[in-house]
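Okay, so here's the structure we're looking at.
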Amino acid sequence: MRVPRMIAVTLVGAAVLAPVAACSSNEPAPGKNPQAADASAPTPVPTQEPTHPFTGLPGSARRPVLAAKIENTSAGKPQLGLKSADIVYVEQVEAGLTRLMAIFSSKLPPKIGPVRSARISDMHIVPQFGRPAFAYSGAQTKMLPIIAQSSLVDVSDSRAPGAYFRQPGRYAPYNLFADTKELLAKAPKATKAKDIGLTFGDAPEGGVPKKAFSVKYPAARFTFAWSEPAQKWLIWQDGKKDMAAEGGQLGAPTIVVQYTKTERSEFHDLNQSYTPLVHTTGEGSAIVLRDGQAFKAKWSRETEKDGTVFTTEAGDPMNFAPGQVWVVLASRKPVIP
């Protein structure tokens, strides 16, 4: 399938809501005056079914939050479980590549993977969820004390080994998968889903029709193409359809390209390629893709314990379309690899 014509954002050297009316009969009792009956009858009060704070979809249950680091290179594709995530974060890592952090709560797939190692940027994103269960496989030695002090419940392969298994037909390190129920069983005190600042509902005014929108990292490229039949933005990565192990192409009703300050951290890999540090507190600009349109938006997050609030340029809530949300953390500033 040929990717539709794209409008690209080139990042230089780096990642760049059915109301249910209460039923009340207005039929007067036998022998009663209809007008008198109407006057004394209670006025129906519309009710709104509770929705989930991560997706805006109906559902009042607040289940524990599981955050998981998922591989995002061709060697680890297709990934398993992403279609069930509430939120998917795209983060730049070493050598200009990307890795995902998937947030699960409203739905829990049986298995997820490939599970990969943690990064310093993760430690700055997860506090807004309280103390979520955090699934990952390893981290640099000098990062371990930071993880131990972070706002999370560690359910890595070293802390909850029984929850992990090697998937046949794949090769290491891209064959490590996890059983989600086992992960949460090891995190009985993990925080349940709560408001993190996202709003869902009708789209605001001011959107510009778009067929596709692209984001480029130094060594990765994403294209989000609107599908009217699917009512979501289907995802291509590096020119190829981003397929799910469960079947079908990955996609979401809302894509947020969140422009952040990204700089070199103190960490690096074995090849001396430095790990980018993505700053997700403060404020900045964003592009929100929904309903086949692109909206200019602003984001703000006062502290790491606060959620991220998205508004229109006029300061009104930037409503997302109900359903899964992808947050693409991008930067226009160069990062030294």
**Item:** Table column - 3J(HN,Hα) (Hz), segment 50-67, Karplus curve with 6.51, -1.76, 1.60, x for Gly and Pro
**Value:** x, 10, 7, x, 8, 10, x, 8, x, x, 8, 5, 10, 9, x, 9, 10, 10
**Request:** Determine the shape class of segment 203-279: with a ≥ b ≥ c the square roots of the Cα gyration tensor eigenvalues, call it rounded for a/c under 1.5, and otherwise prolate if a/b is greater than b/c, oblate otherwise.
**Result:** oblate
**Prompt:** Once you put a point 7 Å from the Cα of Ala95 and another 7 Å from the Cα of Glu283, both along the Cβ direction, what distance in nm separates them?
**Reply:** 3.9
**Prompt:** How many Lys pairs in segment 78-185 lie less than 19 angstrom apart by Cα atoms, where the lysines are 8 or more positions apart or on different chains?
**Reply:** 5
**Item:** Footprinting exposure proxy for Ile255, Ile196 (fewest neighbouring C-beta atoms within 10 Å first)
**Value:** Ile196, Ile255
**Request:** Report the relative contact order of segment 255-323, percent, no decimals, based on alpha-carbon pairs under 8 angstrom and at least 6 residues apart.
**Result:** 24
**Complete:** In nm², the average projected area of the convex hull spanned by the Cα atoms of segment 127-275 is 12.5
**Complete:** Listed by chain and number, the residues whose amide H is under 5 Å from that of Arg264, excluding neighbours fewer than 5 places away on the same chain and using placed H, are Leu277, Ile336
**Message:** Show me, for segment 317-329, the HN-Hα J-couplings you get by feeding each phi into the Karplus relation (A = 6.51, B = -1.76, C = 1.60, θ = phi - 60°), rounded to Hz, glycine and proline as x.
**Reply:** x, 8, 5, 9, 6, x, x, 4, 10, 9, 10, 9, 7
**Request:** Based on other C-beta atoms within 10 Å, arrange Tyr174, Tyr136 from fewest to most.
**Result:** Tyr174, Tyr136
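Every read-out reported here was derived from the displayed coordinates using simple, explicitly stated rules and does not represent laboratory data. What you see is a predicted model; the values in this text were computed from it and never measured. Positions of Cβ are generated from backbone atoms using ideal geometry, with glycine treated the same way; all protein chains shown enter the neighbour counts.
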